[in-house]
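Have a look at the structure below before the remarks.
The values are calculated or read from the model by the stated rules, or taken from the named source; none is laboratory data. Note that this is a predicted model, so its numbers are computed, not measured. Neighbour counts run over all protein chains shown; Cβ positions are idealised from the backbone, glycine included. Calculation scope for accessible area: heavy atoms of the full protein, side chains included, ligands and nucleic acids excluded. Shrake-Rupley method; radii C 1.70, N 1.55, O 1.52, S 1.80 Å.
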Amino acid sequence: MYADTESIRKILTQSGDTWAVVGLSNNQSRAAYGVAAVLQRYGKRVVPVHPKAEPVHGEQGYASLADIPFPVDVVDVFVNSELAGAVADEATAIGAKAVWFQLGVIDEQAYDRTRAAGLDMVMDRCPAIEIPLLD
């Protein structure tokens with residue numbers, strides 16, 4: 001219900017190529033690091049969003065979504081479910097077209113709010129798993 005095939009395809013192919021990855025740092029043992037690399041291989045611009053604001057995969061990092069000085073198409077969320085709703089609300093506030101909650105990130109109220117605000121959203125799925133399936 002929170003990850004229908006149509007929404008997955010739309011976000012990955014039509015929503016745009018600038019992806020803010022919230023929770024992405026240079027910690028190579030974290031899933032966000034590997035997923036961001038896969039997104040880059042598929043032509044996405046990956047913008048790291050992490051309190052450290054460090055560059056990752058050759059892209060400047062930012063401490064928050066609001067700090068990014070250019071439009072973001074998709075916000076990919078790698079934070080705990082308790083924090084994810086606030087990130088989804090911030091994604092709506094910055095004008096993102098879509099929000100993607102990673103595997104294990106679930107907030108049904110945030111899903112409903114985000115969809116009601118007109119954004120596409122997928123929850124509890126991984127774009128690095130889904131994007132190769134589109135080929």
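Among the numbered conditions (1) touching a helix residue (DSSP H, G or I) at 6+ places or on another chain (Cβ under 6 Å); (2) surrounded by fewer than 19 Cβ atoms within 10 Å (Cβ to Cβ); (3) at positive phi, the only one that Gly95 does not meet is (1). Checked against the criterion of being at pLDDT below 95, open to solvent by 20 Å² or more (accessible area, probe 1.4 Å) and closer than 24 Å to Arg41 by Cβ, the candidates Asp124, Asp135 yield just one match: Asp135. Checking each residue in segment 71-87 for being within 12 Å of the chain's Cα centre (by Cα) and farther than 16 Å from Cys126 by Cα picks out Val72, Asp73, Val87. Only helices (runs of 4 or more DSSP H) whose full extent lies in segment 23-135 are considered here, and the ones with at least 3 residues that are touching a Ser or Thr at 6+ places or on another chain (Cβ under 8 Å) are 81-93.
Determine whether segment 51-60 contains at least one residue that is of a type outside the set (A, V, I, L, M) and buried (at least 21 other Cβ atoms within 10 Å of the Cβ). Looking through segment 51-60, none of the residues is of a type outside the set (A, V, I, L, M) and buried (at least 21 other Cβ atoms within 10 Å of the Cβ).
Conditions tested, residue by residue: (1) out of contact with any Lys or Arg (no Cβ under 7 Å at 6 or more places or on another chain); (2) among the small types (Gly, Ala, Ser); (3) on the phi > 0 side of the Ramachandran plot; (4) modelled with pLDDT of 95 or more.
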site: Ala3; (1), (2), (3), (4): no, yes, no, no
site: Gly34; (1), (2), (3), (4): yes, yes, no, yes
site: Val47; (1), (2), (3), (4): yes, no, no, yes
site: His50; (1), (2), (3), (4): yes, no, no, yes
site: Gly58; (1), (2), (3), (4): yes, yes, yes, yes
site: Ser64; (1), (2), (3), (4): yes, yes, no, yes
site: Ile68; (1), (2), (3), (4): yes, no, no, yes
site: Val77; (1), (2), (3), (4): yes, no, no, yes
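The combined condition, being under 19 Å from Leu133 (Cα atoms) and open to solvent by less than 10 Å² (accessible area, probe 1.4 Å), is fulfilled by Leu39. For segment 2-12, state whether one or more residues are without any contact (Cβ under 8 Å) to a residue 60 or more places away in the chain and in a helix (DSSP H, G or I). Yes, segment 2-12 contains at least one residue that is without any contact (Cβ under 8 Å) to a residue 60 or more places away in the chain and in a helix (DSSP H, G or I).
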